[in-house]
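*Asks:* One structure is given below, represented as structure tokens, and several questions about it will come after.
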Amino acid sequence: MTPSRHKILIVDDSPTISAVLQQLLEKAGFVVATHGHGLGTVAAVLREQPELILLDVSMKALPGDQICKLIKKNGSDVRIYL
């Protein structure tokens, strides 16, 4: 089976959760980028061009639902899972 090369962006303010998810997804063949807090997520999405975002809903700096609105407002049609 050929591994997938789809890119996933993990947005989570927990370094432990981000690291575990990144390791699991990379072992499954995905390209993974991480972003450690809500602020600057739109810029990270524009820079990384992921096909999927795994987004923590309860971050301190900016809640996940507000980040979703900002991403969509900037015209991205990327899939987001909270």
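*Asks:* In whole percent, and with a 1.4 Å probe on the protein chains, what portion of the accessible area of the chain is carbon and sulfur? Provide the component values of the computation, followed by the final result.
*Replies:* On the way: 2970 of 5190 Å².
After summing per-atom areas, the C and S share lands at 57 percent.
*Asks:* Determine the shape class of the chain: with a ≥ b ≥ c the square roots of the Cα gyration tensor eigenvalues, call it rounded for a/c under 1.5, and otherwise prolate if a/b is greater than b/c, oblate otherwise. Provide the component values of the computation, followed by the final result.
*Replies:* Numbers: a/c = 2.32, a/b = 1.36, b/c = 1.70.
Here the chain falls in the oblate category.
*Asks:* Can you pull the one-decimal nm distance between simple spin-label points at Arg47 and Val78, each 7 Å off the Cα toward Cβ?
*Replies:* Calculated label separation equals 1.1 nm.
*Asks:* Further question on the same structure: Give me a comma-separated list of calculated 3J(HN,Hα) values for the range 9-18, in order, Karplus coefficients 6.51, -1.76, 1.60 applied at θ = phi - 60°, integers in Hz, x for any Gly or Pro.
*Replies:* Result, ordered by residue: 9, 9, 10, 7, 8, 9, x, 5, 4, 4 Hz.
*Asks:* For the chain, what does the accessible surface come to per residue with a 1.4 Å probe? Please give it in Å².
*Replies:* 63 Å²
*Asks:* Write out the GluC sites (Glu not before Pro) in the range 15-70 meeting two conditions: DSSP loop, and at most 15 other Cβ atoms within 10 Å of their Cβ.
*Replies:* Glu51
The values are calculated or read from the model by the stated rules, or taken from the named source; none is laboratory data. This is a predicted model, so every value here is computed, not measured. All Cβ positions, even for glycine, are placed from backbone atoms using ideal geometry, and neighbour counts span all protein chains on display. In case anyone asks, the SASA skips ligands and DNA or RNA and just uses the protein heavy atoms, side chains included. Shrake-Rupley method; radii C 1.70, N 1.55, O 1.52, S 1.80 Å.
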